[in-house]
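Read the structure below first, then the notes.
The values are calculated or read from the model by the stated rules, or taken from the named source; none is laboratory data. Predicted model, so just to flag it, every value in this text is computed and none were measured. Cβ coordinates were reconstructed from backbone atoms using ideal geometry, including for glycine residues, and neighbour counts include every protein chain displayed. Areas reflect the complete protein model, heavy atoms only, side chains present, ligands, DNA and RNA absent. Shrake-Rupley method; radii C 1.70, N 1.55, O 1.52, S 1.80 Å.
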There are 2 protein chains.
Amino acid sequence: MKVKVIITPKRAVLDPQGKTVQTALEHMGCSGVSDVRIGKYIEIEMDGDRETVEVKLSEYADKFLANPNIEDYRLVFED
Amino acid sequence: MKVKVIITPKRAVLDPQGKTVQTALEHMGCSGVSDVRIGKYIEIEMDGDRETVEVKLSEYADKFLANPNIEDYRLVFED
């Protein structure tokens with residue numbers, strides 16, 4: 001089973017990497033960009049049924065893959 | 001309009017960051033993981049209709065956001 005973990009900076013947290021990319025896009029002539037936020041995208045291939053995988057990965061996402069103080073994550077399932 | 005740019009390493013390219021995360025997950029007791037690949041997830045808030053935005057962002061994804069030699073990207077639209 002393939003699971004995607006999408007990790008994004010929380011709304012309240014500054015995202016300097018995103019701001020840099022936004023400024024660079026403007027400088028390169030790409031107008032109309034009002035916000036850029038950069039996160040991580042992790043694809044995990046894993047054995048097990050959906051429920052087990054969800055419980056397991058939520059635990060590891062919380063303590064290892066994402067930093068819950070500044071990041072949100074969501075799991076996207078694909079069979 | 002919100003557009004997500006999802007950038008992933010090409011299948012043929014080694015992903016040492018993914019391998020490191022895979023090994024770490026195993027060491028932490030998360031069994032059954034057969035592959036991990038790590039990419040980038042960029043959310044861009046942009047003015048314009050879907051077609052214009054798609055043409056514009058494909059250009060900037062090709063020359064700036066992603067490295068087409070080693071990475072694939074796809075645009076996901078959300079109104």
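Only one of (1) at pLDDT 95 or above; (2) open to solvent by less than 70 Å² (accessible area, probe 1.4 Å); (3) within 11 Å of another protein chain (Cβ to nearest Cβ) fails for B:ASN67. Which number is that?
It is condition (3) that B:ASN67 fails.
Which of the residues belonging to the range B:25-51 are within 7 Å of chain A (Cβ to nearest Cβ), open to solvent by 20 Å² or more (accessible area, probe 1.4 Å) and among the small types (Gly, Ala, Ser)?
B:GLY32, B:SER34, B:GLY48
Could you grab me the full set of residues in the range A:4-13 that are in contact (Cβ under 8 Å) with a residue 60 or more places away in the chain and among the charged types (D, E, K, R)?
Those that are in contact (Cβ under 8 Å) with a residue 60 or more places away in the chain and among the charged types (D, E, K, R): A:LYS4, A:LYS10.
Let's see how each residue does on (1) touching a residue at least 24 places away in the same chain (Cβ under 8 Å); (2) within 20 Å of A:THR23 (Cβ to Cβ); (3) over 13 Å from the mean Cα position of the chain (by Cα):
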position	(1), (2), (3)
B:LYS2	yes, yes, yes
B:ASP15	no, no, no
B:LYS19	no, no, yes
B:ARG37	yes, no, no
B:TYR41	yes, yes, no
B:GLY48	yes, yes, yes
B:GLU51	no, no, yes
B:VAL55	no, no, yes
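From the list A:VAL55, A:VAL76, pick out the single residue that is surrounded by fewer than 20 Cβ atoms within 10 Å (Cβ to Cβ), over 26 Å from B:ASP72 (Cα atoms) and more than 7 Å from chain B (Cβ to nearest Cβ).
Exactly one of A:VAL55, A:VAL76 is surrounded by fewer than 20 Cβ atoms within 10 Å (Cβ to Cβ), over 26 Å from B:ASP72 (Cα atoms) and more than 7 Å from chain B (Cβ to nearest Cβ), namely A:VAL55.
So which residues in the range B:3-24 are open to solvent by 50 Å² or more (accessible area, probe 1.4 Å) and within 10 Å of chain A (Cβ to nearest Cβ), if there are any at all?
Answer for the range B:3-24, where residues must be open to solvent by 50 Å² or more (accessible area, probe 1.4 Å) and within 10 Å of chain A (Cβ to nearest Cβ): just B:GLN17.
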